[in-house]
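Report on one structure; see the data block that follows.
Throughout, read-outs are computed from the coordinates displayed, never taken from laboratory work. Quick caveat: nothing in here was measured; it's all calculated off a predicted structure. Positions of Cβ are generated from backbone atoms using ideal geometry, with glycine treated the same way; all protein chains shown enter the neighbour counts.
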Amino acid sequence: MSQKTISFVKMTGAGNDFLILEPLKGVNLKTLALTMCDRTNGIGADGILILERSKKADYKMRIINADGSEAEMCGNGARCMAAYIVRYKKPSKKLFGIETPAGIILAEASDEIATIRLSEPKDYRPDVFLTIQKRKLRVQYIDTGVPHAVILVEGLPKIDVRTIGRMIRYHKKFAPRGTNVNFIEQIKPGLIAARTYERGVEDETRACGTGSVASALIAFMQMYPETRSKTDARMKVMTQNGDILDVTFDITDNRINNVWLKGPAKFIAQGHFFIS
């Protein structure tokens, strides 16, 4: 039986790990993601990222989750892709555009630190009330490229993220898309810790870029509810991996815009994967 060889680079962005590939022909991407992302029989990753040509921006990124579904956006994945582009494609400009299904994002990278500007957040809902395990929860919702529910908690390390997160992820109030679920706790002013159940991975991940952004925005609005306009607002997010992501944004007439996400994007390995 003949085998096809696929070249890959493995990267991690604050705990989210990805396999970055160049364009592929004649390959079922869903099957490929299920195979490559398997942590026992494959290489292991939260998803695969495919760098393609774009007619709208400098580059294009496709995101295939570990379960084979395609995502609209991935913050830590985009940061990894930015670092990959700088290292392997040598872009002529420092700040370049990457097309995603969620819109064109801006990106830059230096060594293993990458920064992206996300599309503007939308559909903020501060009061979504759910009953989970016979308990009423107040959930806040925002779309930062993909949907995110955010719950403020005390005792974050003890939260059963996998069980509760799965219930909220599939709750009818978030149908049909479903939602990612973030549990956050304030550590000190300007710093929160976050744990995330990721849609598409269907488990808790070590980090989530768009989830960190959603968590940071909602935490800021909770801590400073009277703020109507502010330039260069900032919130730091500690991921389950222990890395710190830096989220900055502007508030203009009570609307959030100019959202940037900065953090580590590390190169782990490169190699060849064999598929039949």
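Mean residue ellipticity, 222 nm, helices only, the chain: the sum of -39500 (n - 2.57) across DSSP H runs of n ≥ 4, divided by residue count and rounded to 500, is -5000 deg cm²/dmol. Converting phi to 3J(HN,Hα) with the Karplus coefficients 6.51, -1.76 and 1.60 and the offset θ = phi - 60°, the stretch 189-206 yields x, x, 9, 10, 9, 9, 10, 10, 8, 9, 4, x, 8, 6, 5, 6, 10, 6 Hz in sequence order, with x at every glycine or proline. Principal-axis analysis of the Cα atoms of the chain puts helix 209-223 at an angle of about 10° to the longest axis. Remark on Ser54: its backbone amide H falls under 5 Å from those of Lys60, a criterion applied only to residues 5 or more positions apart or on other chains, H modelled at 1.01 Å from N. With contacts taken as Cα pairs under 8 Å and at least 6 residues apart, the stretch 122-262 reaches a relative contact order of 17 percent. 5 Å is the cut-off here: which amide hydrogens, built 1.01 Å from N in the peptide plane, fall below it relative to Ile187, excluding neighbours closer than 5 in sequence? So Ile187 has HN proximity to Ile192, Ala193.
Students often get this wrong, so check it: of Lys10/Lys266; Lys136/Lys172; Lys4/Lys60; Lys236/Lys262; Lys4/Lys30; Lys122/Lys266, which have C-alpha atoms separated by over 18 Å? Walk me through the numbers on the way to the answer.
Working: Lys10/Lys266 9 Å; Lys136/Lys172 15 Å; Lys4/Lys60 24 Å; Lys236/Lys262 10 Å; Lys4/Lys30 16 Å; Lys122/Lys266 30 Å.
Violating the 18 Å Cα-Cα cut-off are Lys4/Lys60; Lys122/Lys266.
Taking θ as phi - 60° and the Karplus parameters 6.51, -1.76 and 1.60, the scalar couplings of the stretch 136-153 work out to 8, 10, 9, 10, 10, 10, 7, 9, 10, x, 9, x, 9, 9, 10, 10, 7, 9 Hz in sequence order, x denoting glycine and proline.
Quickly rank 228-234, 83-89 as a protection proxy: mean count of other C-beta atoms within 10 Å, highest first.
Details: 228-234: 12.7, 83-89: 18.3.
My ranking of the peptides, most packed first, is 83-89, 228-234.
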